[in-house]
1. Examine the stretch 5-16 for a residue that is in contact (Cβ under 8 Å) with a residue 40 or more places away in the chain and more than 24 Å from the chain's Cα centre (by Cα), and state whether such a residue exists.
2. Quick one: is Ile35 of a type in the set (Val, Ile, Thr), more than 16 Å from Ala86 (Cβ to Cβ), touching a helix residue (DSSP H, G or I) at 6+ places or on another chain (Cβ under 6 Å) and surrounded by 13 or more Cβ atoms within 10 Å (Cβ to Cβ)?
3. Across the stretch 9-51, which residue is farthest from Thr89 (Cα to Cα) among those that are among the small types (Gly, Ala, Ser) and in a loop (DSSP other than H, G, I, E, B)?
4. How many of the residues making up the stretch 8-32 are within 23 Å of Asn80 (Cβ to Cβ), open to solvent by 60 Å² or more (accessible area, probe 1.4 Å), among the small types (Gly, Ala, Ser) and at pLDDT 90 or above?
5. Could you grab me the full set of residues in the stretch 52-74 that are assigned to a loop (DSSP other than H, G, I, E, B), of a type in the set (A, V, I, L, M) and touching a residue at least 12 places away in the same chain (Cβ under 8 Å)?
6. Considering only residues that are over 21 Å from Ala46 (Cα atoms) and either open to solvent by less than 60 Å² (accessible area, probe 1.4 Å) or within 11 Å of the chain's Cα centre (by Cα) (or both), look in the stretch 84-103 and name the one that is modelled with the lowest pLDDT.
7. When you look at Leu57, is it at pLDDT 90 or above and open to solvent by 50 Å² or more (accessible area, probe 1.4 Å), yes or no?
Amino acid sequence: MVPIIEDESADLVTVDALFAAEFGIRCSPADRLVIRSLCEIVAARAARLSGAVLAALVLKASASNRVVNVALGGVLFGTNRPVYQATVTTLKSLLAYKSTHTRVHFQRPGSDIVGAAINAASL
């Protein structure tokens, strides 16, 4: 999904190449736009769901600890800044809605996931 979302070419040649290679079908330019739009919608929804799950985990972890470290890793978070931002925004808004006084520290985007694991182990 990431290569489709990141395809910035005028006629979305990456989308066409992926569908030709994976499914043996050629896509019209209109089809490519629809495919890319659907991927963006799915990615945004996944980001909001991820943020909601993280909020639930933070609330659970904060029952015994007032400081929680959060690290987001993986291809989708590492390469797609809007997805990362949507996840963090959802997490923050849900925590604000719950009026929690827990401090949440975020691992910097693109930073070493090993450092995130060490931070998580310190909970």
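1. The first filter runs over the stretch 5-16 and keeps only residues in contact (Cβ under 8 Å) with a residue 40 or more places away in the chain, leaving 5-6.
Right, trim to more than 24 Å from the chain's Cα centre (by Cα) and you get none.
No: zero hits.
2. On the way: of a type in the set (Val, Ile, Thr): yes; more than 16 Å from Ala86 (Cβ to Cβ): yes; touching a helix residue (DSSP H, G or I) at 6+ places or on another chain (Cβ under 6 Å): yes; surrounded by 13 or more Cβ atoms within 10 Å (Cβ to Cβ): yes.
The answer is yes for Ile35.
3. Initially, the stretch 9-51 is screened for residues among the small types (Gly, Ala, Ser), giving 9-10, 17, 20-21, 24, 28, 30, 37, 43-44, 46-47, 50-51.
Now narrow it down to the ones that are in a loop (DSSP other than H, G, I, E, B): 9-10, 24, 28.
Values: Ser9: 29, Ala10: 30, Gly24: 39, Ser28: 35 Å.
Going through the qualifying residues, I end up with Gly24.
4. 1
5. If we filter the stretch 52-74 for residues that are assigned to a loop (DSSP other than H, G, I, E, B), which is where we start, we get 62-66, 71-74.
Those left that are additionally of a type in the set (A, V, I, L, M): 63, 71-72.
Listed by number, the residues that qualify are Ala71, Leu72.
6. Of the stretch 84-103, the ones over 21 Å from Ala46 (Cα atoms) are 98-103.
Checking the rest, the ones that are also either open to solvent by less than 60 Å² (accessible area, probe 1.4 Å) or within 11 Å of the chain's Cα centre (by Cα) (or both) come to 100, 102.
Numbers: Thr100: 63, Thr102: 67.
Only one residue fits best here, namely Thr100.
7. On the way: at pLDDT 90 or above: no; open to solvent by 50 Å² or more (accessible area, probe 1.4 Å): yes.
No: the conditions fail for Leu57.
The values are calculated or read from the model by the stated rules, or taken from the named source; none is laboratory data. Everything numeric in this text was worked out from a predicted model, so none of it was measured. Methodologically, a virtual Cβ is constructed for each residue, glycine included, from the backbone with ideal geometry; neighbour enumeration extends over all protein chains shown. Ligands, DNA and RNA are stripped out before the accessible areas are found, and what is left, the full protein with its side chains, is counted by its heavy atoms. Shrake-Rupley method; radii C 1.70, N 1.55, O 1.52, S 1.80 Å.
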